[in-house]
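Read through the structure below, which is laid out as structure tokens, and then see the notes.
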Amino acid sequence: MSRKNKRAPWEEEEEIIWVSKSEMKRDMEALQKMGEELVKLKPNALAKVPVSEELLRAIKDAHRFKQEAYRRQLQFIGKLMRNEDIEPIQTALDKLNNKHAQVTAQLHKLETLRDRLIDDGDSVINEVMDAHPEADRQQLRQLVRMANKEKAQNKPAKAYREIFQILKGLYITD
């Protein structure tokens, strides 16, 4: 008896993954959309994204084109994206898109710190001074006293805003 078409029991069968034409088309459209995001980036933000020289040239060319030429250039960028490593590009785009949310969260933390400064006074001023020895302790104390006084007299919160600006200068670096 011949074993011509039979496999040995210890050999594993290769699993062939079939990808439909519509799935490939969706993948290509996703790459084109990512390329469109890259084209919309400003030059300093684009410099932070790891792309090849050829793709970078195509993106810069897309800025010069209008209407139909622009559409064709986006398709070309999508084609070039097939040869790129997508994960680092997507990570860089996510970081750039998430930067606004990070800044907002940081500002909320500063607002909370400012409220703690006004409510608790010296103990929180000591925390700020430990974190930032270059801060002016006397100015912070004076502004906290003024903010409490404004709050008690229902006056406009000028010192309250000044405290926030000082904290923003200390904690947020560009």
Give me the net charge of E127's neighbourhood, meaning all other residues with Cβ under 14 Å from the Cβ of E127; Lys, Arg count +1, Asp, Glu -1. 0
Please check which bits of the range 110-154 a label hung off K168 would reach, taking the label as a point 7 Å along Cα-to-C-beta and the cut-off as backbone N under 14 Å. 110-112, 114
Per-residue ³J(HN,Hα) for the range 99-108, Karplus 6.51 cos²θ - 1.76 cosθ + 1.60, θ = phi - 60°, Hz, x for Gly and Pro: 4, 4, 5, 5, 5, 4, 5, 5, 5, 5
Pairwise label distance in nanometres, Y70 with M28, each label 7 Å out on the Cα-Cβ vector: 2.3 nm
Cross-link table K25/K66; K48/K99; K40/K168, entries beyond 18 Å C-alpha to C-alpha: K25/K66; K40/K168
One quarter of the convex hull surface, Cα atoms only: what value does that give for the chain in nm²? 21.5 nm²
For the range 21-91, Rg(Cα) over 2.2 N^0.38 Å is 1.05
Straight-line reach check, K109, cutoff 15 Å on alpha carbons, 8 or more apart in-chain or any other chain, hits among aspartates and glutamates -> E127
Nearest 500 deg cm²/dmol is fine: what mean residue ellipticity at 222 nm does the chain get from its DSSP H runs of n ≥ 4 alone, each adding -39,500 (n - 2.57), divided by its residue count? -23500 deg cm²/dmol
Charge-dipole axis of the range 99-171 as Lys and Arg at +1 and Asp and Glu at -1 on Cβ define it, positive-most pick from N154, L143, A101: N154
Cα-projected label distance for Q90 with K149, points at 7 Å along beta-carbon direction, nm: 5.8 nm
Assigning unit charges at the beta carbon (Lys, Arg +1; Asp, Glu -1) and nothing else, what dipole magnitude in debye, to the nearest 20, does the range 99-171 show about its Cα centre? 340 debye
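Quick note: the coordinates plus some simple rules give every number you see, no bench work behind them. Note that the coordinates shown come from a computational prediction; the quantities given were computed from them, not determined experimentally. With ideal geometry, Cβ positions are generated from the backbone for all residues, glycine too; neighbour counts draw on all protein chains shown.
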